[in-house]
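Reading through the structure tokens given below for one structure.
The values are calculated or read from the model by the stated rules, or taken from the named source; none is laboratory data. Keep in mind that what you see is a predicted model, and the values were worked out from it rather than measured. For neighbour counting, all protein chains shown are included, and Cβ atoms are generated from backbone atoms with ideal geometry for every residue, glycine included. Remember, those area values only see protein heavy atoms, side chains included, never the ligands or the DNA or RNA. Shrake-Rupley method; radii C 1.70, N 1.55, O 1.52, S 1.80 Å.
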Amino acid sequence: MILSSREAETRSPAALNAAMRRQANGTRLSVGFILTRRFTLCAFANFIDVLRLAADEGDRSRQILCDWKILSNTMEAVSSSSGVTVQPNERLGDPAKFDYIVVVGGLVDEIGNVGSDYLEYLRKAAAAGIPLVGICTGAFILHEAGVLKGYKCCVSWFHHRDFLEQFDGLEPVADQIFIVDRDRLTCSGGASSAHLAAYLVEKHIGRAQASKSLHIMIIDDALNAEKPQPGIPLQFKPQDPIVRRALLITQQNIDAPLSVAEIARRMGKSKRQLERRFQTSLGMSPQVAFMDVRLSIARHFLEKTDKSITMIAVECGFCDSSHMSRMFRRRFGHSPFESRVSSPGRAGTMPLELDCAAVEDMGEAFIPDTDWITIGKDHSAMI
């Protein structure tokens, strides 16, 4: 492992000596894992498999170029949120023996059950200048330990509201898959943990090894930290937990919208009770709020992805693109197409291929210079 001058300055002498010994033995990357109770198995497996495949030739899994340990204060097996257990293989000790300490979180309800031994271990690692990594709700644990002050952090769009509720005054990032802020690295979990691991492998071992790991895992290429998450945080900030939950249910079923009555039934409330809660909390009906959620997600897709307007309409639960366009213009004052071409990074540009919905959306407002325009992939029309 080669440390930059900035990284070397932040490491304690013990940590620097340990890094030099590892490098002399051929190990370029060493990682210690802390698994919280009911951690997310997918996030952990993606991260550690990138390390495993980069550590050796082929998939022989020998810990040569990088190594890892599962740390524990009791050595008892840790159960994941799916019920699958993982057996730790080393007790908490000196964090300076690792290049990174990775905390893999899981269910939000378990955050308060993290033992004081683990929190103290994280503080000790931070004091020694060891970079700390939070996976999934691992960022919650880092903040609980007091080692995220002054740092940006990434959380899943799904847990964005939970983070705000628990840590007042902070605004975590929920529209990127991971964030590297000096010696704090956080990611949203799931597949993004593979990309964060690949970032570390490329940094310390090499791009070829990072690509090899991802390709064996049938992941095309490494994604940059700025890659948007597929979901987005809710723009509403209601204090009423019933209203928050109803909005989250709406977002989770965005492609097949549920009626107000069905959402109320799932929550054990009457339709009238839910309507009163929304009026008190947001000053609007559930129907209006739910439509606003769908339109906000549609706008997010328009500005952050290359999906066609027709596909976005389907994924946001509209019966067709015309329906979405009408509601979009009523809400935002312009068409979906105008939102796409005027978004940052796209202003002044025009996609070479337009789907039928985009042409319909433009109406007579746009006349291309060329005599032909491609509609979709299989049809052309003369203007």
- Message: Here is a check on your reading of the model: is Phe158 outside any loop (DSSP other than H, G, I, E, B), open to solvent by less than 10 Å² (accessible area, probe 1.4 Å), under 26 Å from Asp49 (Cα atoms) and at pLDDT below 90?
- Response: no
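Matching residues to (1) closer than 30 Å to Ala197 by Cα; (2) surrounded by fewer than 17 Cβ atoms within 10 Å (Cβ to Cβ):
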site	(1), (2)
Asp240	no, yes
Met267	no, yes
Arg272	no, yes
Pro286	no, no
Phe290	no, no
Ile297	yes, no
His300	yes, no
Ile309	no, no
Ile312	no, no
- Message: Which count do you get for residues in segment 28-58 that are assigned to a loop (DSSP other than H, G, I, E, B), in contact with a Cys (Cβ under 9 Å, 6 or more places away or on another chain) and open to solvent by 40 Å² or more (accessible area, probe 1.4 Å)?
- Response: 1
- Output the number of the condition that Ser61 fails; it satisfies all remaining conditions of (1) modelled with pLDDT under 95; (2) crowded, with 18+ Cβ neighbours inside 10 Å. (2)
- Does Gly317 meet the test of being crowded, with 18+ Cβ neighbours inside 10 Å and on the phi > 0 side of the Ramachandran plot? yes
- Item | In segment 184-200, the residues that are in contact with a Phe, Trp or Tyr (Cβ under 8 Å, 6 or more places away or on another chain) and assigned to a loop (DSSP other than H, G, I, E, B) | Ser188
- Query: Out of curiosity, is Asp220 open to solvent by 30 Å² or more (accessible area, probe 1.4 Å), farther than 30 Å from Met327 by Cβ and modelled with pLDDT under 90?
  - Reply: yes
